[in-house]
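Here's the structure, in structure tokens; my notes come after.
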Amino acid sequence: MNPLKLGIMGASGRMGRMLIEATLDNPDTALGGAYVRSISSLIGADAGEFIGGERIGVALAPLDVTKVDALIDFSLPEALDEVLSQCITHRIPLVMGVTGLSQDQEAKLTEAAKHIAIVYAGNYSTGVNLSLNLLATTARVLGLDADVEIIEHHHKHKIDAPSGTALMMANAIATTRGQQPNTVINHGRSGAAKRVAGEIGIHAVRGGEIIGEHTVQFITAGEIIEITHKAQSRATFATGAVRAALWAAKQPAGLYDMQDVLGLKS
């Protein structure tokens, strides 16, 4: 079998570089395109040399999915319309790692999934997705008897808060407890009111170069259960996204997540 040709959107960013490296390191994938903004001064630079490696003959360029088999996007929400338009037109599976999408943008993603396979996850780490199963199990056992607080740490450059991963965790807990996530999440907690029964607190800490740490506390009258995940390298997210692209390339149109890719829903 020929390797799957992957396109990387946002190739000049931190995750973009990791995704290029992960694509080149995987024997089942090849780099078909490395995409940057049309006004970028990096257009024309060789992608291999850009990440500190050997020349590979793939230049950084504006988005053009006609030469790839699947696209991975870890860029910014502003690029979503163009990404979806090109992927739908050319029937290219999409792995979406952009966080901080608006409700309207998520609706566009859902609509696009009627035409192409889309994997959309707030976190592509295997460990995080295993943690989601542990959180759901704990929430199922403790129910509303436990007060839940989520504390997430990220680097000072991160734009969105709370993180997509923290929201995934809150959603997993709320759904398991029969709650509507949007109605029970309390962001940051401030003011003079006491804690509302059944709410899920999320606290976003930003500083330094922290890659990503998430701790969920289930607090009961007699004990505290903590489930923590710490990312030690962004490479784990890139490796997971490449794995998701290989999986998505074999799927019919639909909206999937990393739980589907890892087979955890069964």
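The values are calculated or read from the model by the stated rules, or taken from the named source; none is laboratory data. Because the structure is predicted, anything quoted here is derived from the model rather than measured. Please note: Cβ atoms are built from the backbone with ideal geometry, for glycine as well, and neighbour counts cover all protein chains shown.
Assorted remarks:
- Taking the conditions (1) of a type in the set (G, A, S); (2) closer than 19 Å to A248 by Cβ; (3) not in a strand (DSSP E or B) in turn, G7 satisfies each one other than (3).
- Taking the listed residues L135, L142, the one that is at pLDDT 95 or above and crowded, with 20+ Cβ neighbours inside 10 Å is L135, with no other qualifying.
- Boolean, G10 is in contact with a Lys or Arg (Cβ under 7 Å, 6 or more places away or on another chain) and not assigned by TED's automatic domain parsing to the domain that holds S163: no
- One residue stands out in segment 244-260 among those that are more than 13 Å from the chain's Cα centre (by Cα) and not in a loop (DSSP other than H, G, I, E, B): the one that is modelled with the lowest pLDDT, namely D260.
- Residue pairs meeting the criteria (Cβ under 9 Å; at least 6 apart or on separate chains; first touching a residue at least 24 places away in the same chain (Cβ under 8 Å), in segment 184-197; second surrounded by 10 or more Cβ atoms within 10 Å (Cβ to Cβ) and of a type in the set (A, V, I, L, M)): H187/A161; H187/I202; H187/A204; A197/L144
- Among the candidates T239, T228, residue that is at pLDDT 95 or above and surrounded by 14 or more Cβ atoms within 10 Å (Cβ to Cβ): T239
- Answer residue from segment 184-220, given it is under 19 Å from T138 (Cβ atoms) and among the hydroxyl-bearing types (S, T, Y) and is surrounded by the most Cβ atoms within 10 Å (Cβ to Cβ) among those: T215
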